[in-house]
Amino acid sequence: MMMKNWKTLFAFVFFTLSVSAQQAPKPVGVTPNSRQIDWYNQEIIAFFHFGLNTFEEFVNEGDGKTTTALFNPTALDCNQWARTLKAAGIPNGILTAKHADGFCLWPSEYTDYCVKNSSWKGGKGDVVKEFADAFNNNGVRASVYLGPHDRHEHLSPLYNTTDYRDYYAHQLTELMSNYGPMWETWWDGAGADELTTPIYTKWAEIVRRLQPQCVIFGTKNSYRFADVRWNGNETGIAGDPCWSTIDSLSIRDEWKHIKELNEGQLEGNAYIPAESDVSIRPSWFYHAEEDNMVKSTKELWDIYCKSVGRNSVLLLNLPPDRKGLIHPIDSANVVGLRKVINETFKTNLLEGASVTSRNPRGGIYKASNMIDKSSKTYYASKDNVTTDEITFRMKSPKTFDCLMIQEVIELGHRTTEWSVDYSSDGKSWITIPEATNKQSIGHKWILRFSPITAKYVRLRITKGKACPAIHTFGVYKQSSLVN
Ligand code: OTN
């Protein structure tokens with residue numbers, strides 16, 4: 001009887017220990033909300049700068065005085081925009097419903113400075129409606145930029161910030177109520193210094209109430225509500241490192257904190273990841289004289305690797321022309337980017353490799369999960385370690401010039417230093433120079449380097465805030481279209 005009790009106790013202790021070893025790692029630090037996780041998974045979002053500026057020579061920031069009659073796209077087709085995004089694998093697009101000149105692309109009840117008084121469709125048109133309907137019908141998400149700064153409104157003798165707060169609130173309510181789901185709203189900080197946190201509080205309440213899934217791009221005095229931050233430049237290039245966390249109060253004065261915006265802050269008190277905005281052309285609005293200056297597929301691939309591949313989301317501007325169409329060169333180059341991404345990441349050359357790790361957690365958190373293509377599984381090390389070494393032995397030597405790694409973002413930034421080595425015999429190792437002492441991982445980190453041929457690859461995690469939790473690790477050969 002006594003013996004049986006000891007056996008039962010032993011079995012219980014063994015069971016408890018093995019179950020606790022298999023529990024998921026606990027999150028560390030601040031972590032993303034569901035909007036942010038969804039936003040990260042989109043990877044690329046399109047920007048559409050379209051409005052009066054499109055119809056003016058060399059203008060990108062209209063002064064609010066231009067006559068509304070000028071707005072007259074001759075063949076507007078938002079289905080063509082949506083089809084371009086589908087072909088480019090871009091799931092979401094943000095339209096400048098009102099840019100800094102204050103001209104509204106929808107017939108707002110609250111202003112005459114809008115499509116109602118344009119030549120287009122005899123003043124009966126609504127670009128936001130055509131855009132939202134076309135996107136919803138094509139299975140692409142619609143989003144809006146409602147510029148906080150409004151030069152036209154500033155020209156009014158009745159202008160004061162309280163009235164403007166309410167004017168903007170009414171317009172935001174129109175956009176958030178009348179056009180179906182909206183997935184992101186953009187609070188550009190340009191010219192918006194007079195807008196205080198209490199003003200944004202009122203606006204944020206409207207977004208959260210009417211469109212709870214809508215991601216807020218915030219700057220300056222709206223960081224308290226921001227799901228995502230500006231990356232500190234308009235070149236589409238995120239920092240290295242690029243932490244999703246930031247000290248939200250210290251970045252209010254953004255021109256003094258460009259580095260922090262670009263790189264994030266590991267010990268930041270808020271999870272506000274970086275969105276990287278850039279135009280496919282030199283200007284934000286379409287100008288025919290820039291038709292020969294469109295970024296090539298190769299340039300876009302470089303930007304993708306330095307934005308999405310640096311734990312950020314790429315916001316790529318594809319400005320419609322005076323017809324109201326995306327220019328064929330812009331379209332071809334962005335569809336080319338998708339081809340390059342798909343070709344490059346089609347085959348993880350580590351697939352089928354045997355994988356061993358130094359500090360396995362055990363249970364379902366197997367090291368081979370890193371190469372299993374599943375979005376649900378991941379590798380985790382045991383608790384109380386912050387370092388690890390994971391070795392991949394391929395069946396035969398392979399040639400690669402790119403690597404990609406993903407952390408489990410729901411569990412917070414965990415790994416803070418990592419390197420990747422290769423070997424032909426599993427005994428003597430060489431560290432890839434471009435993959436030496438890297439810092440952040442987050443949603444996705446991509447590195448490119450000169451081709452390497454090796455049979456063994458090793459991921460060395462050398463520092464962290466908690467035990468590593470790695471979703472994906474792979475080595476790839478870049479598409480021949482960019483090499
Ligand atoms: O002169 N600027 O206003 C300016 C110059 C270069 C790059 C950006 C800006 S404005 C800046 O735009 C960002 C989006 O690209 C954010 O909205 C920032 O808050 C805003 O200040």
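The values are calculated or read from the model by the stated rules, or taken from the named source; none is laboratory data. Note that the coordinates shown come from a computational prediction; the quantities given were computed from them, not determined experimentally. Every residue, glycine as well, gets a Cβ built from its backbone with ideal geometry; the counts of neighbours run over all protein chains shown.
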Give me the residue from region 176-187 that is under 23 Å from the mean Cα position of the chain (by Cα) and not in a strand (DSSP E or B) and, out of that set, farthest from the ligand (Cβ to nearest atom). Gly180
When you check Ser108 against the structure, is it in a loop (DSSP other than H, G, I, E, B), farther than 13 Å from Pro320 by Cα and polar (S, T, N, Q), yes or no? yes
Hey, Ile326 hits all of (1) of a type in the set (A, V, I, L, M); (2) within 15 Å of the ligand (Cβ to nearest atom); (3) part of a loop (DSSP other than H, G, I, E, B); (4) touching a Leu at 6+ places or on another chain (Cβ under 8 Å) but one; which does it fall short on? (2)
Look at region 263-289 and say how many of its residues are buried (at least 17 other Cβ atoms within 10 Å of the Cβ) and within 21 Å of Ala100 (Cβ to Cβ). 12
Could you look through region 94-128, keep only residues that are under 26 Å from the mean Cα position of the chain (by Cα) and of a type in the set (Val, Ile, Thr), and pick out the one that is nearest to Thr185 (Cα to Cα)? Ile94
Within region 255-264, can one find any residue that is in contact with a Pro (Cβ under 6 Å, 6 or more places away or on another chain) and away from the ligand (no atom under 16 Å from the Cβ)? yes
Mind checking which residues of region 235-245 are in contact with a Phe, Trp or Tyr (Cβ under 9 Å, 6 or more places away or on another chain) and within 14 Å of the ligand (Cβ to nearest atom)? Gly236
Out of Leu85, Leu76, sole residue that is not polar (S, T, N, Q) and not in a helix (DSSP H, G or I): Leu76
Look at Glu410 and say whether it is surrounded by fewer than 19 Cβ atoms within 10 Å (Cβ to Cβ), touching a strand residue (DSSP E or B) at 6+ places or on another chain (Cβ under 6 Å) and outside any strand (DSSP E or B). no
Within region 190-205, the residues that are closer than 20 Å to Gly102 by Cβ and buried (at least 19 other Cβ atoms within 10 Å of the Cβ) are Ala192, Leu195, Ile199, Tyr200, Trp203
So if I check each of Arg460, Arg448, which one is at pLDDT 95 or above, touching a Cys at 6+ places or on another chain (Cβ under 9 Å) and assigned to a strand (DSSP E or B)? Arg448
All positions within region 126-161 that are part of a loop (DSSP other than H, G, I, E, B), in contact (Cβ under 8 Å) with a residue 24 or more places away in the chain and on the phi < 0 side of the Ramachandran plot: Asn138, Val140, Gly147, Pro148, His149, Asp150
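Quick test for you: out of Lys382, Lys398, Lys427, Lys438, pick the one residue that is closer than 14 Å to Leu350 by Cβ, surrounded by fewer than 22 Cβ atoms within 10 Å (Cβ to Cβ) and among the basic types (Lys, Arg).
Only one candidate passes the filter, namely Lys398.
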Please determine whether any residue of region 212-234 is touching a His at 6+ places or on another chain (Cβ under 9 Å), within 21 Å of Glu254 (Cβ to Cβ), within 16 Å of the ligand (Cβ to nearest atom) and not β-branched (Val, Ile, Thr). yes
Count of region 188-200 residues which are farther than 17 Å from Leu249 by Cβ and either near the ligand (Cβ under 9 Å from one of its atoms) or outside any loop (DSSP other than H, G, I, E, B) (or both): 5
Please tell me if Asp166 is within 16 Å of the ligand (Cβ to nearest atom), surrounded by fewer than 17 Cβ atoms within 10 Å (Cβ to Cβ) and farther than 21 Å from Gln36 by Cβ. no
